[in-house]
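Each value in this text was obtained by applying a stated rule to the coordinates, not by laboratory testing. Being a predicted model, the structure only gives us computed values, none of them experimental. Every residue, glycine as well, gets a Cβ built from its backbone with ideal geometry; the counts of neighbours run over all protein chains shown.
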Amino acid sequence: MVFQELRQGQSCVLAPVVMDEREMLAFSRRYDNVPLHTDPEYAKTTHFGKLLAPGMLSFLAVWAEYLKQDFFGEDLLAGVSQKVEWHAPVFAGDTLTGTAELTRLLERSARNGLAELTIRVTNQSGRHVLTGITECVVKKRPYRFYGWECAMSPNDSGSFSGITSPQRLYDALMHIWCEYTCAPRLREKWSGENPTLGQCSITAFLVQDLFGGKVYGVLRPGGNYHCYNVIGDAVFDLTSEQFGEEVLDYTDNPEQSREVHFAKTEKYERYLFLKEALRKYQENIGL
């Protein structure tokens with residue numbers, strides 16, 4: 001699953017695992033050769049009273065069940081870190097049940113993101129025995145809008161906190177752009193196959209709301225301006241795909257004023273609709 005499809009809080013329950021004493025001994029003798037894990041007679045003399053399962057084996061036994069469901073699949077690029085905390089002992093015959101949850105998602109670059117996976121494990125008595133936290137680098141689905149590589153400005157607006165970059169806004173708007181948000185003159189041509197058609201000005205000013213910068217416009221035949229965004233040195237156009245193979249000139253274009261654009265009541269209403277639809281979308285998916 002690519003980074004854009006992951007959701008914080010996404011979770012699954014893993015199949016139970018029964019700790020096998022023979023596997024415990026074999027693992028311990030090779031990887032964790034201490035008497036508490038390998039010598040039953042010695043273990044009887046400790047406060048545990050019997051052989052203790054190696055901590056990493058307990059985690060790996062549950063990890064193997066997670067991999068049967070695996071949120072990332074072939075979109076996993078690399079592991080970054082692994083932290084395991086043990087809260088209670090595990091013995092032969094114990095049944096371990098894990099719950100895997102995505103506890104943090106972080107934009108890392110234009111091409112990938114960081115996903116934190118937390119696995120919490122309980123035994124047959126419901127006692128919490130361990131927690132494993134794994135950080136993974138997960139690839140993003142390739143973007144095709146103009147300037148996608150630099151569309152990574154942070155959201156410092158104080159609103160829509162789950163929309164952390166223009167790329168993430170684009171992901172959300174792909175579920176929101178519709179015939180109503182399309183410019184009236186182009187609605188007959190709008191379709192789900194060309195969702196960015198007629199969406200440029202209201203989208204560009206929404207980008208400005210969240211990420212700052214300025215809105216510029218490319219003069220089109222008929223006298224209308226196609227709007228796009230400039231933030232610092234980053235120039236990008238979330239709605240450029242509507243032009244297909246045509247390449248627009250994003251240099252030396254005039255700045256656009258929201259006061260001028262929103263003097264058209266229908267455009268301002270479409271902008272407000274888009275912004276409210278984004279709010280509802282964020283609430284619905286828990287961004």
Going fewest to most other Cβ atoms within 10 Å around each Cβ, Thr97, Thr196, Thr45 line up as Thr45, Thr97, Thr196
When the helices in the chain are scored as -39500 (n - 2.57) per DSSP H run of 4 or longer and the sum is shared across all residues, what 222 nm value do you end up with, to the nearest 500 deg cm²/dmol? -8000 deg cm²/dmol
I'd like the distance separating the alpha-carbon centroids of region 1-27 and region 185-230, in whole Å. 45
Which of Gly223, Cys182, Ile202, positive extreme of dipole for region 132-254 (C-beta unit charges): Cys182
What does the charge count around Gly162 come to, taking other residues whose C-beta lies under 10 Å from its C-beta (Lys +1, Arg +1, Asp -1, Glu -1)? +1
From the phi angles alone, apply the Karplus equation (6.51, -1.76, 1.60; θ = phi - 60°) to region 238-243 and give each ³J(HN,Hα) in whole Hz, x where the residue is Gly or Pro. 5, 10, 5, 5, 5, 8
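On full extension of the chain, what length is gained from Glu135 through Val2, given 0.36 nm per residue of separation minus the C-alpha to C-alpha distance? Please report the intermediate quantities before stating the final value.
Values: separation 133, 0.36 × 133 = 47.88 nm, distance 1.50 nm.
That works out to 46.4 nm of additional length.
What's the exposure ranking of Ser81, Ser201, going from fewest to most Cβ atoms within 10 Å?
Values: Ser81 10, Ser201 26.
Placing the least packed residue first, the sequence is Ser81, Ser201.
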Overall Cα dimensions of the chain, principal axis frame, Å, largest first: 89, 32, 31
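Under a Cβ-only charge scheme (Lys and Arg +1, Asp and Glu -1), can you give me the dipole magnitude of the chain about the Cα centre, in debye to the nearest 20?
Values: 30 positive and 37 negative charges, 81 e Å.
It works out to roughly 400 debye.
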Residue-span extension gain [Glu246 to Val80] - 0.36 nm each, minus C-alpha spacing: 55.7 nm
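Taking only C-alpha pairs under 8 Å that are 6+ residues apart, what is the relative contact order of the chain in percent?
Numbers: 511 pairs, mean separation 46.5, N = 287.
The value is 16 percent.
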Modelled label-to-label distance, Lys264 and Thr99, 7 Å Cα→beta-carbon offset: nm? 5.1
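With r as the distance between the Cβ atoms of Ser157 and Tyr31 and R0 = 51 Å, compute the FRET efficiency 1/(1 + (r/R0)^6) and round to 0.05.
Working: r = 50 Å, r/R0 = 0.98.
Result of the calculation: an efficiency of 0.50.
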How would you rank Arg141, Arg30, going from fewest to most other Cβ atoms within 10 Å of each one's own Cβ? Arg30, Arg141
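Pairs Lys68/Lys140; Lys140/Lys267; Lys214/Lys267; Lys44/Lys68: which exceed 26 Å Cα-Cα?
Working: Lys68/Lys140 22 Å; Lys140/Lys267 32 Å; Lys214/Lys267 18 Å; Lys44/Lys68 36 Å.
As for pairs spanning more than 26 Å Cα to Cα, those are Lys140/Lys267; Lys44/Lys68.
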What's the percent breakdown of Cα-Cα distances in region 148-285 across 5 Å bins, shortest bin first? 2, 10, 21, 25, 23, 14, 4, 1, 0
At 0.36 nm per residue, and after removing the present C-alpha to C-alpha distance, how many nm does the segment from Asn284 to Ala234 gain when stretched out fully? 15.0 nm
Given a cut-off of 19 Å, what percent of all Cα-Cα pairs of region 3-139 lie beyond it? 53
